[in-house]
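Okay, structure first, notes after.
No value in this document is a laboratory result; all are computed from the given coordinates. Given the structure is predicted, the values throughout are model-derived calculations rather than measurements. Please note: Cβ atoms are built from the backbone with ideal geometry, for glycine as well, and neighbour counts cover all protein chains shown.
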Amino acid sequence: MASPRHVLITGGSRGIGLSIAQLFAKNNFRCTLLSRSESALKAAVATLQPLRPLTQSSPQPSTASFPHHTHAYIASSLTSPTLFSASTDSASDSITSHLPIPRLSPANDASRIDILVNCAGITQASLFQTMSHAGISEIVDTNLTSLMVGTKFFLRQGYFRKAKAKKERDDDERVGGPVIINVASLLGLQGGYGAVAYAASKAGVLGFTRALAAEYVSHGVRVNAIVPGYVETDMTKDLPATQLNQRIPLGRLGKPSEIAQAAFFLAENQYAHNCVINLDGGLSAV
């Protein structure tokens, strides 16, 4: 029996990351969520639709059909120095020790990854001159450095599932090789008052996306990015909504589910490579 495709989503316990996980799970992807809070991750996984057997004769959800193919989570900070260690013997905090059975292993097909969604990030609301060196480092390390280090780890250690045979790809145009989807921000293109370090980190995400797309196309890896504007999440709950709505041509903030739809499109469309999708309600046009 074929196994469901596997998506790993950083920052998957809430907001945009959780909406992405919920949409992928609805479409029968096995989801692994990575975030810092174990309690939030448990609650997030509980909202995901159970996997369905990949057979026509048994359409009902059945986790028993996939004893080693269930949604899971990894509770860790992305900036942990040992999270992306290749050595499981010396690094108890390595990503390989966080995932329940089956252990994440390049040799274990059940844990191989089809899609990596880099969604984790922290925001900023302070003038650049007032920021400490540690504060700048935290934002850049979380939003950009850990994204690059984690992506490099999965690429080098062989955690990505290989593309299926050409005949299977021809039979189902949705099936292809590994996909990396990076979530950037409109502030990475336009800048923003009180968000210098954040804007710089998100601009770096877009530069990383374009460069990696050029470098890894020969490996069969598609690399794309989403550029959300202001979205209804915990990051924007304290912003002046009325003023923002007046600035946004569509007159409202985006919904996490609308960003998730873009992520699913980039995962499924086999011609989407070095694709950067703006979802900002038209704000980038004014």
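If you add up the charges near Phe208, with Lys and Arg at +1 and Asp and Glu at -1, over every other residue whose beta carbon is less than 15 angstrom from its beta carbon, what do you get? Spell out each step's value before the answer.
Values: positive: Lys152, Lys202, Arg210, Arg222; negative: Asp141, Glu215.
In short, +2.
Measuring from the lowest to the highest alpha carbon on each principal axis, how far does the stretch 172-286 reach, largest first, in angstroms?
Between the extreme Cα coordinates on each principal axis of the stretch 172-286 lie 45, 30, 25 Å.
If the reach is capped at under 22 angstrom between alpha carbons, list the lysines near Lys162, excluding any in the same chain fewer than eight residues apart.
Partners found: Lys152.
Give me the extension gain from Ser132 to Thr242: residue separation times 0.36 nm, minus the current Cα-Cα distance, reported in nm with one decimal.
Length gained between Ser132 and Thr242: 36.5 nm.
Ala40: net charge of surrounding residues, Cβ under 12 Å, Lys/Arg +1, Asp/Glu -1, itself excluded? Mind dumping the intermediate values first?
Numbers: positive: Arg14, Arg36, Lys42; negative: Glu38, Asp234.
Taking every Cβ under 12 Å from that of Ala40, the sum is +1.
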